[in-house]
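Inspection log for the structure reproduced underneath, given as structure tokens.
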């Protein structure tokens, strides 16, 4: 199984565009590919987001828009044999879906994903919290928090640790409706 950890940073409170994306591909229990790019969101930046991410409007000038970047990242994010991973996945999946819609991209209707925050809650319930920076501190994973490349790599490494702790990713795998911007209910057996 291929797992694709990804993280996005956003320019403002609307969370419907991204200013950066990081992608980390995991195959056979190892990281096989990493990708990072700033993204021109074609929107204004909120001071809070600038403070949080360190990404300014000047930094994204001349960077690809999501529409232009899609050709490069689509093979990773829409791999039919892969499962997307994100820490607090509903946020990242929502931003991804809204960007796909905003740019009129013809993407798969449904994407499979799993949340490493939920996985870590089950596998390490005694931690004070399950934020990515807390997990990285406990697991001694290097993290430049709110850098999408570093966050996606850390998410992938947290996932690998969850596997070592015995987590079954299938239990956490959900289906996201890209155009309705929501997770579909799991069917009861």
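The values are calculated or read from the model by the stated rules, or taken from the named source; none is laboratory data. Note that the structure is predicted; figures quoted are calculated from it, not measured. Heads up, the Cβs are rebuilt from the backbone with ideal geometry, glycines too, and the neighbour counts pull from every protein chain shown.
Quick notes on this structure:
- Residue selected from the stretch 98-136 under the condition in contact with a strand residue (DSSP E or B) (Cβ under 7 Å, 6 or more places away or on another chain) and crowded, with 20+ Cβ neighbours inside 10 Å, by the criterion farthest from residue 74 (Cα to Cα): 116
- Per the conditions (1) within 17 Å of residue 25 (Cα to Cα); (2) modelled with pLDDT under 95, the sole criterion not satisfied by residue 106 is (1).
- Taking the criterion of being in contact with a helix residue (DSSP H, G or I) (Cβ under 7 Å, 6 or more places away or on another chain) and under 13 Å from residue 157 (Cβ atoms), the residues of the stretch 133-146 that qualify are 135, 136, 139, 141, 143.
- Residue 7 being out of contact with any strand residue (DSSP E or B) (no Cβ under 8 Å at 6 or more places or on another chain) and either farther than 19 Å from residue 93 by Cα or touching a residue at least 40 places away in the same chain (Cβ under 8 Å) (or both): no
- Selection within the stretch 160-189 - assigned to a loop (DSSP other than H, G, I, E, B) and surrounded by 11 or more Cβ atoms within 10 Å (Cβ to Cβ): 165, 167, 168, 173, 178, 179, 180, 181, 184
- Restricting attention to the stretch 137-157, the residues that are surrounded by 15 or more Cβ atoms within 10 Å (Cβ to Cβ) and under 18 Å from residue 20 (Cβ atoms) total 12.
- In the stretch 41-59 there is no residue that is surrounded by 14 or more Cβ atoms within 10 Å (Cβ to Cβ), in contact (Cβ under 8 Å) with a residue 60 or more places away in the chain, under 23 Å from residue 101 (Cα atoms) and touching a strand residue (DSSP E or B) at 6+ places or on another chain (Cβ under 8 Å).
- Counted residues, the stretch 1-28 - those being in contact with a helix residue (DSSP H, G or I) (Cβ under 8 Å, 6 or more places away or on another chain), assigned to a loop (DSSP other than H, G, I, E, B) and at pLDDT 95 or above: 9
- Taking first residues from the stretch 121-132 that are without any contact (Cβ under 8 Å) to a residue 40 or more places away in the chain and partners that are outside any helix (DSSP H, G or I), the Cβ contacts under 7 Å between residues at least 6 apart in sequence or on separate chains come to 121/130.
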